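Take a look at the structure below.
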Amino acid sequence: MKQIRIIIVEDDRDLLENMVEYLTLLGYEVTGAASAGEFYYHLSQQTYLLAVLDIGLPDQSGLVLAEYVRKNTSMWIIMLTARSTLDDKLAGLKCGADFYLVKPVDCSELAATIANLAARLDEMPEVVEQELLREAATLALWKLERKGWRLTPPQGDSIKLTSKEFEFLASLSSRSNTIVARQDIMKILDYPSTEQASHALESMIYRLRKKIEEAGCEFPVKTSHGEGYCLSADIISI
């Protein structure tokens, strides 16, 4: 059996540790993550061939993670969740899951499911396997570091931010794939609802754009005119 590198995302730390330990003893290379943020961080540092995703995570739904994995990689996906209705299962499968396991699940059942996938990997031509690894390696994530108020692009040096710039990006990263209304941004940044404050927000965003572009990076924020702002790249907060 070819070596399979697995990442498990589960916010129940006891269950996470048990699964990581059990699968490691079986010879798999396993990484555990207790949140979506940890998942994105590990994904930016390492390549994986399989993701085991819990749906009910504290910072982002596992369904969103599944959509991201399916859109950006060729990794296999196992959904592991307490949600057992038909609608829940269909939602998981529509997001790209290969298998859907319902808690409580025994580690041996999870291992048997992974072994099924491993058998497929053994039958996979080497060129296809290398393509999977290449795709995973091309994942590019920005990192928003609360300590020191820094933004680190996928490639290049970190960019020092002001407190307003940091909170602006943090407000968008916490609402992935969602347009954040301009008025909500102003409340988050503690701007009053005045025309002068609106201009101040625009000036802050202009300076941030210039700072990032001068660092040789494309500005990772899109303006939805008349509505607000959203990310155009994946940013994780760490």
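The values are calculated or read from the model by the stated rules, or taken from the named source; none is laboratory data. All of these numbers come straight from a predicted model, not from anything done at the bench. In this analysis, Cβ positions are derived from the backbone assuming ideal geometry, glycine residues included, and neighbour counts consider all displayed protein chains.
A single member of K147, K143 is part of a loop (DSSP other than H, G, I, E, B) and within 22 Å of the chain's Cα centre (by Cα), and it is K147. Annotation: T31 fulfils all but one of (1) within 20 Å of the chain's Cα centre (by Cα); (2) more than 16 Å from M75 (Cα to Cα); (3) modelled with pLDDT of 90 or more; the unmet one is (2). Contact map, segment 40-60: first residue assigned by TED's automatic domain parsing to the domain that holds S74, second residue crowded, with 24+ Cβ neighbours inside 10 Å and in a loop (DSSP other than H, G, I, E, B), Cβ cut-off under 6 Å, separation 6 or more or different chains; pairs are D54/E10.
Residues that are within 12 Å of the chain's Cα centre (by Cα) and buried (at least 22 other Cβ atoms within 10 Å of the Cβ) were ranked within segment 49-62; the one that is farthest from L172 (Cα to Cα) is A51. The set of residues in segment 36-65 that are in a helix (DSSP H, G or I) and either among the hydroxyl-bearing types (S, T, Y) or within 15 Å of C95 (Cα to Cα) (or both) comprises Y40, Y41, S44, G62, L63, V64, L65.
Filtered by the rule that a residue be farther than 20 Å from I114 by Cβ and either modelled with pLDDT of 90 or more or within 9 Å of the chain's Cα centre (by Cα) (or both), segment 35-48 gives S35, A36, G37, E38, Y40, Y41. In segment 163-182, is there at least one residue being among the aromatic types (F, W, Y) and outside any loop (DSSP other than H, G, I, E, B)? Checked segment 163-182: at least one residue is among the aromatic types (F, W, Y) and outside any loop (DSSP other than H, G, I, E, B). Residues that are crowded, with 16+ Cβ neighbours inside 10 Å and not charged (D, E, K, R) were ranked within segment 201-215; the one that is farthest from G228 (Cα to Cα) is I212. Total residues in segment 147-174 satisfying the condition of being of a type in the set (D, E, K, R) and surrounded by 14 or more Cβ atoms within 10 Å (Cβ to Cβ): the figure is 4. A search for C-beta distances below 8 Å between a residue of segment 170-198 that is at negative phi and any residue that is part of a helix (DSSP H, G or I) and acidic (D, E), counting only pairs 6+ apart in sequence or on different chains, returns S171/D184; I188/E167; L189/E167.
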